[in-house]
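A.B. asks: A single structure is presented below for examination.
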Amino acid sequence: MHFEDYTPLFQAQVLALADRISGKGYFPNPSEISKGPNAYMVVCLSDDDELIGFAHGTVLPKNTLASFLENRVTDIPDDLRKADAEGAIGVIQTVGVLPEYRGERIGSKLLTIVHDKLVGLGGDKLIATFKRGPGSTKIEGVMERMGFTFWTRQDSYWREQCDKGEFLCTQRTDKCNCQALFFRKAVY
Ligand SMILES: [Zn+2]
């Protein structure tokens with residue numbers, strides 16, 4: 001397998017993979033979100049050039065952390081507030097790997113690539129967000145190895161959108177039961 005920077009050539013494959021993992025309609029247009037000097041996306045391809053994973057992140061513009069968190073997280077620590085005012089918060093927003101390739105550390109390689117890129121783009125405090133359904137794999141160990149600590153968990157983060165049918169959660173039962181997990185790390 002190998003890793004490449006995202007280009008629009010991968011758009012359809014990234015969307016199909018995201019639909020399968022995070023729920024249909026959850027993930028916006030990958031070419032849109034990977035635009036701009038502070039955004040970055042990497043893909044992982046099999047030896048047959050099948051897309052088997054991707055991850056993306058961005059360095060947030062100044063004073064946009066609260067809105068990035070959709071104003072749902074109220075206990076923002078001081079060091080994050082300060083970094084937010086400086087435009088130095090890097091966020092790893094999504095990582096996805098095909099279920100049949102899990103356990104091969106592809107996810108942690110993708111995370112590491114995005115992590116290093118965000119640091120290079122001026123990310124001083126990093127946040128990683130995960131949408132996790134009841135059957136999802138554990139991410140805590142990978143994040144700890146990368147120096148992240150658990151920050152907060154939001155049980156109802158997606159519920160409103162999910163209930164409105166804005167995306168189709170893969171593991172939805174009669175209600176939305178996926179969580180948002182947030183990890184954080186100080187680079188310097
Ligand atoms: Zn849901």
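A.B. asks: Using the Karplus equation 6.51 cos²θ - 1.76 cosθ + 1.60 (θ = phi - 60°), what ³J(HN,Hα) coupling, rounded to whole Hz, does each residue of segment 76-84 give in order, writing x for Gly and Pro?
C.D. replies: 8, x, 4, 5, 6, 4, 5, 4, 4
A.B. asks: Using the charge dipole of the chain (Lys, Arg: +1 at Cβ; Asp, Glu: -1 at Cβ; taken about the Cα centre), state which of Leu168, Thr64, Phe10 has its Cα farthest towards the positive end.
C.D. replies: The one lying farthest along the dipole's positive direction is Thr64.
A.B. asks: Then there's this: Specify which residue in the list Ile21, Met41, Leu98 is farthest towards the positive end of the charge dipole of the chain, using unit charges on the beta carbon of Lys, Arg (+1) and Asp, Glu (-1), about the Cα centre.
C.D. replies: About the Cα centre, the residue reaching furthest to the positive side is Ile21.
A.B. asks: Based on alpha-carbon positions alone, could you give the equivalent ellipsoid semi-axes of segment 17-120 from the gyration tensor, as √(5λ), descending, whole Å? Could you put the intermediate results ahead of the total?
C.D. replies: Numbers: eigenvalues 148, 44, 33 Å².
With the √(5λ) rule applied to segment 17-120, the semi-axes are 27, 15, 13 Å.
A.B. asks: Something else about it: In whole Å, what is the distance between the alpha-carbon centres of segment 49-113 and segment 143-188?
C.D. replies: So the two Cα centres are separated by 12 Å.
A.B. asks: Could you go through segment 178-185 in sequence order and give the Karplus-derived ³J(HN,Hα) for each residue, using 6.51 cos²θ - 1.76 cosθ + 1.60 with θ = phi - 60°, rounded to whole Hz, and x for Gly and Pro?
C.D. replies: Those phi angles translate into 9, 10, 9, 10, 10, 10, 9, 8 Hz.
A.B. asks: Once amide H atoms are built 1.01 Å from N in the peptide plane, which residues 5 or more positions from Asp124, or in another chain, come under 5 Å H to H?
C.D. replies: Distant-sequence amide H within range of Asp124: Ile89, Gly90.
A.B. asks: Continuing with this model, one more query. Just tell me which aspartates and glutamates come within less than 20 Å, Cα to Cα, of Lys117; anything on the same chain fewer than 8 places away is out.
C.D. replies: Correct list for Lys117: Glu4, Asp5, Glu32, Asp84, Glu86, Glu144.
A.B. asks: So in the chain, which Cys have no other cysteine's beta-carbon sitting under 4.7 angstrom from theirs?
C.D. replies: Cys44, Cys169, Cys178
A.B. asks: Give me a comma-separated list of calculated 3J(HN,Hα) values for segment 3-20, in order, Karplus coefficients 6.51, -1.76, 1.60 applied at θ = phi - 60°, integers in Hz, x for any Gly or Pro.
C.D. replies: 10, 9, 5, 5, 10, x, 4, 8, 3, 4, 5, 5, 4, 4, 5, 5, 4, 6
A.B. asks: Right, something else. Over segment 22-80, what number does the Rg to Rh ratio reach, with both radii from the alpha-carbon atoms and Rh per Kirkwood?
C.D. replies: Values: Rg = 15.1 Å, Rh = 14.1 Å.
Rg divided by Rh gives 1.07.
A.B. asks: Moving to a separate point now. Which of the aspartates and glutamates could a cross-linker span from Lys138 if the Cα-Cα distance has to be under 18 Å and same-chain partners fewer than 8 positions apart are dropped?
C.D. replies: Straight-line reach from Lys138, under 18 Å: Glu100, Glu104, Asp155.
A.B. asks: Still on this model: Can you compute the radius of gyration and Dmax for segment 2-186, using only the Cα atoms, both in Å?
C.D. replies: Rg and Dmax of segment 2-186, Cα atoms, are 15.7, 47 Å.
A.B. asks: Hey, got the dipole for the chain? About the Cα centre, +1 on K and R Cβ, -1 on D and E Cβ, debye to the nearest 20? Don't jump to the answer; show the numbers that get you there.
C.D. replies: Values: 23 positive and 25 negative charges, 102 e Å.
Roughly 500 debye for the chain.
Read-outs throughout are calculated quantities, based only on the coordinates presented, and are distinct from any laboratory measurement. Note that the structure is a prediction, hence the values are computed from the model and not measured. All Cβ positions, even for glycine, are placed from backbone atoms using ideal geometry, and neighbour counts span all protein chains on display.
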